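Working notes for the structure below.
The values are calculated or read from the model by the stated rules, or taken from the named source; none is laboratory data. Here the structure is a predicted model, which means the values were calculated and not measured. We place every Cβ from the backbone using ideal geometry, glycine too, and count neighbours over all the protein chains shown. Surface accessibility is based on the protein's heavy atoms, side chains included, excluding ligands, DNA and RNA. Shrake-Rupley method; radii C 1.70, N 1.55, O 1.52, S 1.80 Å.
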Amino acid sequence: MSQYFEVHPDNPQVRLLKQAAQILHAGGIAAVPTDSSYALVCHLDDKTAAERLRKIRQVDDKHHLTLLCRDLSELANYARVDNRQFRLLKAGTPGPFTFILEATKEVPRRLSHPSRRTIGLRVPEHKVLEALLAEFGQPLLATTLIPPGEDLPLNDAEEIRERFEKQLQLVIDAGACAMEPTTVIDLSGDEPEVVRRGQGDPATLGLT
């Protein structure tokens, strides 16, 4: 049975965020709101939790998981970033963009793409998630909460609890999110490539 926290979207209760961080540090999986849609998150260094997260989504190790970071300086600990990439990152963060970059040694090999050694990273713009990341003290491993066999992410916390309460340890309800996932931009090659168009507008980064 998952716990269910109703959190104020603009002034999240610190007491609940502390409890949420404790659940995640203990290996729990949580459904959390973001600036694009609800996402599943777990501890970056917990191998068992990461495997359970993939199992819930029914994705294999070639599916890019994403690290949710507090800011660009934290993101740079987990990805190799040159000046050109940094300019794009600065223009797109915080916001609904996921950037695929070459992972550093700080990222466990089991979490990066098995052949490319890349990882998805993003800095979300959502007050509840920003406060949770600050309380947690490090990035969270995440994937968009799209149920297996479906195309759209879930954006209603009550529905998430009904459908996944036996698989999750926590659902954070901060109201409905957008129904659209992030825009994914691959920066690991010679030129930026828009892999998936979502809520973020590539034009704001100078991309078409």
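Taking every C-alpha pair closer than 8 Å and separated by at least 6 residues, the mean separation divided by the residue count of region 1-101 gives a relative contact order of 16 percent.
For GluC sites (Glu not before Pro), the sites in region 128-196 that DSSP calls loop and that have at most 13 other Cβ atoms within 10 Å are 150.
Rolling a 1.4 angstrom probe over the protein heavy atoms with all chains in place gives region 59-182 an accessible area of 45 Å² per residue.
Fully extending the segment from residue 13 to residue 26, taken as 0.36 nm per residue of separation minus the present Cα-Cα distance, adds 2.6 nm.
Within region 70-208, DSSP assigns beta bridges of which about 65% are antiparallel (rounded to the nearest 5).
Rounded to the nearest whole Hz, the Karplus-based 3J(HN,Hα) values (6.51 cos²θ - 1.76 cosθ + 1.60, θ = phi - 60°) of region 66-75 follow the sequence 10, 9, 8, 10, 6, 7, 5, 5, 5, 4, with x at glycine and proline. Per-residue 3J(HN,Hα) values for region 19-35, derived from phi via the Karplus relation 6.51 cos²θ - 1.76 cosθ + 1.60 with θ = phi - 60°, read 5, 4, 4, 5, 4, 5, 5, 8, x, x, 10, 10, 9, 10, x, 9, 7 Hz in sequence order (x marks Gly and Pro).
Helices in the chain, meaning DSSP H runs of at least 4 residues, each add -39500 (n - 2.57). Divided by all residues, the mean residue ellipticity at 222 nm is -7500 deg cm²/dmol. Considering only 11, 77, 155, the Gaussian network model of the chain with Cα springs below 10 Å gives its largest mean-square fluctuation to 11.
Each Cα pair under 8 Å and six or more residues apart adds its separation to the average, and for the chain the resulting relative contact order is 33 percent.
Taking the simple approach of a point 7 Å from Cα along Cα-to-Cβ for both residue 208 and residue 163, what is their distance in nm? If labels sit at residue 208 and residue 163, their model points lie 3.7 nm apart.
Using a 1.4 Å probe on the protein chains only, how many percent of the accessible area of the chain belongs to carbon and sulfur? Reported share for carbon and sulfur atoms: 45 percent. Computed from the C-beta positions of residue 197 and residue 59, the FRET efficiency with R₀ = 25 Å rounds to 0.80. When the surface is traced with a 1.4 Å probe over the full set of protein chains, residue 47 keeps roughly 110 Å² accessible.
With the simple model of a label 7 Å out from the Cα in the direction of the Cβ, residue 84 to residue 138 spans 3.3 nm.
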